[in-house]
Number of protein chains: 6
Amino acid sequence: MRIKVINPDFGMSDETLRSRERMLQAVAKPDTVISMDCLTDTHVAIDSALDVVLAGAEIVKRAKQAEQDGYDAVVLYCLSDPAMVACREVVRIPVIGGGQASMLVAGMLGYRFSLLTTSHKRMPEKEESVRYSGVDPSRLASVRSIELPTDDPRHDIPDTIRLLAEAGRDCIEKDRAHVLVLGCLSFAGMGREVSELTGAPVVDPAFAAINMAELLHAQRLSHSRIAYPSPPLRHRSWSSGEL
Amino acid sequence: MRIKVINPDFGMSDETLRSRERMLQAVAKPDTVISMDCLTDTHVAIDSALDVVLAGAEIVKRAKQAEQDGYDAVVLYCLSDPAMVACREVVRIPVIGGGQASMLVAGMLGYRFSLLTTSHKRMPEKEESVRYSGVDPSRLASVRSIELPTDDPRHDIPDTIRLLAEAGRDCIEKDRAHVLVLGCLSFAGMGREVSELTGAPVVDPAFAAINMAELLHAQRLSHSRIAYPSPPLRHRSWSSGEL
Amino acid sequence: MRIKVINPDFGMSDETLRSRERMLQAVAKPDTVISMDCLTDTHVAIDSALDVVLAGAEIVKRAKQAEQDGYDAVVLYCLSDPAMVACREVVRIPVIGGGQASMLVAGMLGYRFSLLTTSHKRMPEKEESVRYSGVDPSRLASVRSIELPTDDPRHDIPDTIRLLAEAGRDCIEKDRAHVLVLGCLSFAGMGREVSELTGAPVVDPAFAAINMAELLHAQRLSHSRIAYPSPPLRHRSWSSGEL
Amino acid sequence: MRIKVINPDFGMSDETLRSRERMLQAVAKPDTVISMDCLTDTHVAIDSALDVVLAGAEIVKRAKQAEQDGYDAVVLYCLSDPAMVACREVVRIPVIGGGQASMLVAGMLGYRFSLLTTSHKRMPEKEESVRYSGVDPSRLASVRSIELPTDDPRHDIPDTIRLLAEAGRDCIEKDRAHVLVLGCLSFAGMGREVSELTGAPVVDPAFAAINMAELLHAQRLSHSRIAYPSPPLRHRSWSSGEL
Amino acid sequence: MRIKVINPDFGMSDETLRSRERMLQAVAKPDTVISMDCLTDTHVAIDSALDVVLAGAEIVKRAKQAEQDGYDAVVLYCLSDPAMVACREVVRIPVIGGGQASMLVAGMLGYRFSLLTTSHKRMPEKEESVRYSGVDPSRLASVRSIELPTDDPRHDIPDTIRLLAEAGRDCIEKDRAHVLVLGCLSFAGMGREVSELTGAPVVDPAFAAINMAELLHAQRLSHSRIAYPSPPLRHRSWSSGEL
Amino acid sequence: MRIKVINPDFGMSDETLRSRERMLQAVAKPDTVISMDCLTDTHVAIDSALDVVLAGAEIVKRAKQAEQDGYDAVVLYCLSDPAMVACREVVRIPVIGGGQASMLVAGMLGYRFSLLTTSHKRMPEKEESVRYSGVDPSRLASVRSIELPTDDPRHDIPDTIRLLAEAGRDCIEKDRAHVLVLGCLSFAGMGREVSELTGAPVVDPAFAAINMAELLHAQRLSHSRIAYPSPPLRHRSWSSGEL
């Protein structure tokens, strides 16, 4: 199968995109083709609800394009599942968000899970997101943030892993979590080590979303048209802008 | 006080906008100034989650502009509360969505309420919306739709009122609702008559939002910066597109 | 409009009542007339569920009298919303309780709120009260009490404000509250300063109830007769007593 | 043990009271002494939230008197559990309400239960009451009413039983209830026959409350002083009135 | 009445069984006959979900035998309520589990309760169990464990009581519990002293289950055949094994 | 990877087992080896909670054996997830139940789902099962049963499909389901056609569980040892019996 991964950040280098594809390929079936795009029309990186709003139009456009290009599924490479419902209305292939996929997988591994995020400023929205995920909200043990000194969690990966493990241990010991979820796609690939350091399974949304796409494809399942009906047919357009 | 009402539909005539302002003025304090804008950069009308996504960027831009122009509050003239969280992150004046405001007012008038919407296609999303409103989701008795023969609920207002009353009676008798909420801003101004025909109080989101803006302003309250923190400062922009 | 505020404490001086009316007038429309009564037949101050029970009969009597006297709304000046449901059964004008009104307003300002109360003895009942408010109980972050050295929160107002801010900061930092609610009407008027000291919006139930009365009146809304049906017509009376 | 049963209706004849005591005695231990009082200072019968409010003061007075007279428990002979929390604050012996006791017993007999009440006007309040009972509110399948032609469910007992069985069958077949609760103490003693006619266990609140009092007494348990703290010591009194 | 108590531990001495019967008799009616059996075919003690599974077949067999022997009720002497639903399917006499009975009684004594268990390893399952109990899961304040130095809570009873009181005080002060439940039947009989040391009512599941059996018997109630239908008639058997 | 599928029915023919393996292989990766066993020590088929109890010991034994034989995951081929928690305590490889896996997949495809089961007698337990699945219980739209004339849903497969589609349409139209789940593993392989007949996605638990095993294996995830700790080391055994 062919999966289009939409990374809702602007202007990533080709090299970075190819390296992410290789990382994802490691958990995919041999014959799964993974192609990641980033945003090119929208200068944005997802660090707020504002960013989710601004990225939305281009994400939907790219999801539609992916379907036209014959992709079998769309993965939104972000814990905030930006524009996920709109994409599901517009295309018939499965659209999988990293947030929903990882929380559902977490629900299979223990009774209570915690989310680890980048900054305390992201905590209210992350806590809120579990209400839409389909997972029982009373299963969320906590959201904790690592307060990174830099903006980029991938700048010093060993240090990020150390901070994730520290926060994760607090989730386990103070909040009684049984499972951890990496609450930002910038943490992709760090789950194994955080799991070894904390003793809890750690769900990596990047991987959860890819494998969930494969699962749905294998069973020829896609989203319910009753839940996500097609929008009325009409012309829709928007002008450029900045903020 | 001065309220900027953002109507997330494209290209309404000046006459229509002025007539809506007059309708809203009827419930406002004498010295409240109501100014309604519609979208001019985005060809869209809110009939799906897709439309909410597409309208988002312009709505936030307009909310920010309203604050710069000295408005005291922003009202989103839509039951879907499009881009509400993003607007709250960006401006410090209160941002009130018709959906949230009307459900909170409904919570004061009885134990259970129902939403009346335009089409069965809008029901799943409306039912979902109560989870973010702050109202106890177990208080939602039902969502019912009137299936209008035309696209425009204001084309034949007496007929729309008749259909709303019919659906409303089903909400009361079959779903045990105590209160009704007009689940689309196109029904604005029809609440009184639907109430007379059904015997239940009917909350009109257009009015609920205006008066809630006045309530917050009178008490000098606005949204919590802890819940809706400012996005990181950086340049954000988007290109024009169509779908 | 004319609002009858029923203060469920016994025997307040005329001077105190007039001063409370002036305080409330500050958030009201210019043409709103606010008239506060206290209890005169019942020696009680609301510090327990017992007090709520004892005050009930006189409160209902006063609500009925207010309607006969042409008032447009009744406000119960207490976070426990004493006899609110009974009053709603008996009169057709809106009856607004300080507890319900303030929690619904809090629900608009953030995802999670905390209540600040006078004593740890009041905490279980306050925590319980959110279940009836119509607000989603999972939005209550915590109830915390200031343990006042004196009985009267208005004896040393700056000190009460200091204690409220301290408890409020704990709600924000330890319980992840986004919004605070003054959980006792004796704290009326202290919200602004507590907000400045804590950085969170603070809902003042006295003000919330007054403005909610105005909101309902502006929209000619009142409580659902389906939820609060008229009691069967019959003679009801009670004898004096003490406890 | 000695149980004081407080029947919150006015002016029942001695003969009726003694007959109720005999009925209750049938489920009690041989050495349990049951003494029922009705209200004598308050002209009221519990048919609304108003009636609950008016009856409250006398009920608390009688509960306190019962404790002083050496009774071991107080039973409130009403599904609305009038003044239950206030009584628990005031006395240290167990205070058992028919509503709470019967819903907890129902929770032991199946996953879902329904309440049968006297009139559709009582349905909203009954449905609401499950939220305070301690039982999981999602276990309430429904509230249904029999619409009695007369005021008195005991006027034609076989007919009342027939109507209860009819409504009960609807609860089972349409609302998927597994257990029925007689939602009014006037139905006391009719449970066995309704159970035979419907095939579901029927909880009789009168009996549930008596046996729950015995259970608590056998284990020397009473209500938590942390949940129901003593009200501040002070003089409390009320004047006679009517409505 | 005659109650068969099934203790799901293997090979207890006759002396121990008789001593437990005497302990239970203390809260029972004089004419209640209590007969306790332990497991004899299954080498197991209930310290895990595994143990619950292994004990199941023999428990059901014993419950069925008890009914054939004319017992009036079965009590499962364990907080995990092992095989409770299966037993209810198979016999028509009431089957009462210590876990469900004690949580329902706790629900009558305060708004929030905590469970005290033997080891942190038992906490996740205990916390989960409240979801099936019929009690509102949001009433569970916490589960805390005493970490006994020995395997047997009855080896040094005063020390166990001291540890229970310590953990119980944490439940009250840190988790805001109003009521405590002894979360293991090995703590049977220790409730009174833990209550005196903590100031909260302490529910003893052993006693709660016995008295609940009496309550149901007095009212001739048993479990709903709708909730727990008879399994299809067919031969069922199993071979011996070990693990 | 190698998956051991445990079919909790007794004495299936080798031919049937191999045919089920081939059916499951169709959704699996090419290099996934699927090996299905049925019960041989326990005469039982899962048609009640009793059957779940009786099958438990052999299921755990087989799961442990599978781990020792080098299998990478265990799939419980049953919607009741028999002995799932016990298996997770005993082995370190993932143990996936058909019930939990299919409900979590359903949670990804729409807001509300319904379960289709074989008989109305299975409905209460199925409805209850959603509480432990990790999925938000308020997402369960309904459980409906087809009332098969024969015992075996595979006797006349086209007829079973017709009945499933009929019940499914009721779930969609009357209960507002968006997604259907085949609530019995005997329906395995019928999902595609039911989906075509109803227009809703249909989750087949047999397939969901296999692919979920692959997903966990690809990410080297297994269940949390904190949620499912190892039982205390000791000898455990049971004798043969029948019922």
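Numerical summary
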item	result
Förster-model FRET efficiency, 56 Å R0, A:ASP69 and E:ARG22, C-beta, rounded to 0.05	0.10
Burial ranking of peptide ranges C:187-197, B:115-125, D:227-237 (average Cβ count within 10 Å, highest at the top)	B:115-125, C:187-197, D:227-237
Per-pair calculated FRET efficiency, R0 = 45 Å: A:ARG154 and D:HIS120 via Cβ, rounded to 0.05	0.10
Per-residue average of Cβ from other chains inside 10 Å of E:140-152	0
Span-rule helices in chain F, defined as complete DSSP H runs reaching 24 Å or more along the axis (Cα) with Kyte mean at least -1.0	F:49-68, F:157-175
Partner chain coverage, peptide E:85-98 - average Cβ within 10 angstrom	3
Inter-chain Cβ neighbour average for residues D:38-45, partner chain, 10 Å	4
Chains A and F, summed buried accessible surface - 1.4 Å probe, Å², nearest 100	3900
Amide H within-cut-off set for B:ARG236, under 5 Å, with H built and near neighbours excluded	A:LEU243
Structure-based [θ]222 nm, chain B - -39500 (n - 2.57) summed over DSSP H runs of at least 4, per residue, nearest 500	-13000 deg cm²/dmol
Within the accessible area of chain B (1.4 Å probe), percent carbon and sulfur	49
Residues whose placed amide H lies under 5 Å from that of A:SER145, excluding near-sequence neighbours	A:THR117
Filter on D:LYS4/D:LYS61; A:LYS126/B:LYS61; D:LYS4/D:LYS64; C:LYS126/D:LYS4; E:LYS4/E:LYS29 - keep pairs with C-alpha separation over 22 Å	A:LYS126/B:LYS61; C:LYS126/D:LYS4
Phi-based couplings in Hz for region F:118-128 (Karplus 6.51, -1.76, 1.60; Gly and Pro marked x)	7, 8, 4, 5, 8, 5, x, 5, 5, 4, 5
Inter-centroid distance (Cα atoms) of region F:124-187 relative to region A:10-80, Å	36
Approximate spin-label separation A:ASP175-A:ASP31, in nm, with each point projected 7 Å along Cα-to-Cβ	4.2
Residue-count net charge about E:ASP152 - beta-carbon cut-off 13 Å; Lys, Arg +1, Asp, Glu -1	-4
Backbone HN-Hα couplings from phi across region C:219-234 [Karplus 6.51/-1.76/1.60, Hz, Gly and Pro as x]	9, 6, 9, 8, 5, 6, 6, 6, 6, 10, x, 4, x, x, 5, 6
Packing-based ranking, highest mean first, of C:68-80, E:154-166 given that Cβ atoms within 10 Å are counted	C:68-80, E:154-166
Set of lysines with alpha-carbon distance to E:LYS174 below 16 Å, sequence-local pairs under 8 removed	A:LYS174, C:LYS121, C:LYS174
Probe 1.4 Å, protein heavy atoms only - accessible area per residue of region C:108-220 in square angstrom	34
1.4 Å probe accessible area per residue over region C:15-90, in Å²	33
Most mobile listed residue (E:LEU140, E:LEU215, E:LEU182) in chain E, GNM with C-alpha springs under 10 Å	E:LEU215
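The values are calculated or read from the model by the stated rules, or taken from the named source; none is laboratory data. For clarity, every value in this text was computed on a predicted model and none was experimentally measured. Cβ: placed from backbone, ideal geometry, glycine included. Neighbour counts: every protein chain shown. SASA here: full protein model, heavy atoms, side chains in, ligands and nucleic acids out. Shrake-Rupley method; radii C 1.70, N 1.55, O 1.52, S 1.80 Å.
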